[in-house]
Amino acid sequence: KQEVTQIPAALSVPEGENLVLNCSFTDSAIYNLQWFRQDPGKGLTSLLLIQSSQREQTSGRLNASLDKSSGRSTLYIAASQPGDSATYLCAVHTGNQFYFGTGTSLTVIP
Amino acid sequence: DAMVIQNPRYQVTQFGKPVTLSCSQTLNHNVMYWYQQKSSQAPKLLFHYYDKDFNNEADTPDNFQSRRPNTSFCFLDIRSPGLGDAAMYLCATSRDPGLSNQPQHFGDGTRLSIL
């Protein structure tokens, strides 16, 4: 069974800092990996999707990479802003199921 | 423009009193999912519909049922809610999970409280 882990569980950084969030998974047989943002009491907002054949995807200040062989993905956030404060979750799609990590809670301090 | 809409945003019910949560989509996606998310935990898939085909996760309690009367709507019925069912319930859609470039789209969720 696929297991998805996100470390650290919480991260606090000063505004303007570049940061990296990590996601690891145990089975490399995946269709894609999706990064989401979740604000308190809200649903999930899709940030980036990386297909299994891709190495990275970029959207604005966000860059996500995927290394299937090592079972890892990273989400890079450039020049962090207080508005980036939220929980970031990754989800692996295996074709039959979506497996989520428990997320990294990010706080960007003004 | 909201594409996956969940109603209500907040639902309070009494222990043992049936409750129904609603989800609608304007994306015309084939698949609709229901997840349960408890505080600081990962979303847990309860079941999903691929068109009219219902797929129940093995560990989803019998207390939870779902209906999909048409492409746009899907309902989650909790027949006899217990205190442990208090959670955020998330609805999501995707066009075709067999395609690797198709993301899931989520609604804002319904926060269920049990008195």
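The values are calculated or read from the model by the stated rules, or taken from the named source; none is laboratory data. Bear in mind the structure is a predicted one, so any value in this text is a computation, not a measurement. Cβ coordinates were reconstructed from backbone atoms using ideal geometry, including for glycine residues, and neighbour counts include every protein chain displayed. For the accessible areas, the whole protein counts, side chains as well, though only heavy atoms, and no ligand, DNA or RNA atoms are used. Shrake-Rupley method; radii C 1.70, N 1.55, O 1.52, S 1.80 Å.
I'd like the residue in the range A:92-110 that is in a loop (DSSP other than H, G, I, E, B) and touching a residue at least 40 places away in the same chain (Cβ under 8 Å) and, out of all such residues, is most open to solvent (accessible area, probe 1.4 Å).
The selected residue is A:Pro110.
Of all residues in the range B:56-76 being in contact with a Phe, Trp or Tyr (Cβ under 6 Å, 6 or more places away or on another chain) and open to solvent by 50 Å² or more (accessible area, probe 1.4 Å), which is nearest to A:Ala91 (Cα to Cα)?
B:Asn56
Could you list all residues from the range A:1-25 that are part of a strand (DSSP E or B), more than 25 Å from B:Glu57 (Cβ to Cβ) and among the polar types (S, T, N, Q)?
Within the range A:1-25, A:Ser12, A:Asn22 qualify.
Would you point out which residue out of A:Ile50, A:Ile30 is aliphatic (A, V, I, L, M) and in a loop (DSSP other than H, G, I, E, B)?
Matching residue, one of A:Ile50, A:Ile30: A:Ile30.
Filter the range A:51-83 down to the residues that are in contact with a Ser or Thr (Cβ under 7 Å, 6 or more places away or on another chain) and hydrophobic (A, V, I, L, M, F, W, C) and list them by number.
A:Ala64, A:Leu66
Identify the residue in the range A:76-91 that is within 14 Å of chain B (Cβ to nearest Cβ) and over 15 Å from A:Gln2 (Cβ atoms) and, among all such residues, is most open to solvent (accessible area, probe 1.4 Å).
Among those residues, the one meeting the criterion is A:Thr87.
I'd like to know if the range A:52-75 contains one or more residues that are touching a strand residue (DSSP E or B) at 6+ places or on another chain (Cβ under 7 Å), within 21 Å of A:Gln2 (Cα to Cα), crowded, with 19+ Cβ neighbours inside 10 Å and facing another protein chain (nearest Cβ under 10 Å).
So far as the range A:52-75 goes, no, none of its residues is touching a strand residue (DSSP E or B) at 6+ places or on another chain (Cβ under 7 Å), within 21 Å of A:Gln2 (Cα to Cα), crowded, with 19+ Cβ neighbours inside 10 Å and facing another protein chain (nearest Cβ under 10 Å).
For the range A:8-33, name all the residues that are among the β-branched types (Val, Ile, Thr) and over 12 Å from A:Ser73 (Cβ atoms).
If the condition is that a residue be among the β-branched types (Val, Ile, Thr) and over 12 Å from A:Ser73 (Cβ atoms), then A:Val13, A:Thr26 are the ones that fit.
Looking at the structure I just gave you, is B:Tyr50 within 12 Å of chain A (Cβ to nearest Cβ), of a type in the set (Phe, Trp, Tyr) and open to solvent by 40 Å² or more (accessible area, probe 1.4 Å)?
yes
Could you identify the single residue in B:Thr20, B:Thr93, B:Thr71 that is within 14 Å of chain A (Cβ to nearest Cβ) and of a type in the set (S, T, N, Q)?
From the options B:Thr20, B:Thr93, B:Thr71, the qualifying one is B:Thr93.
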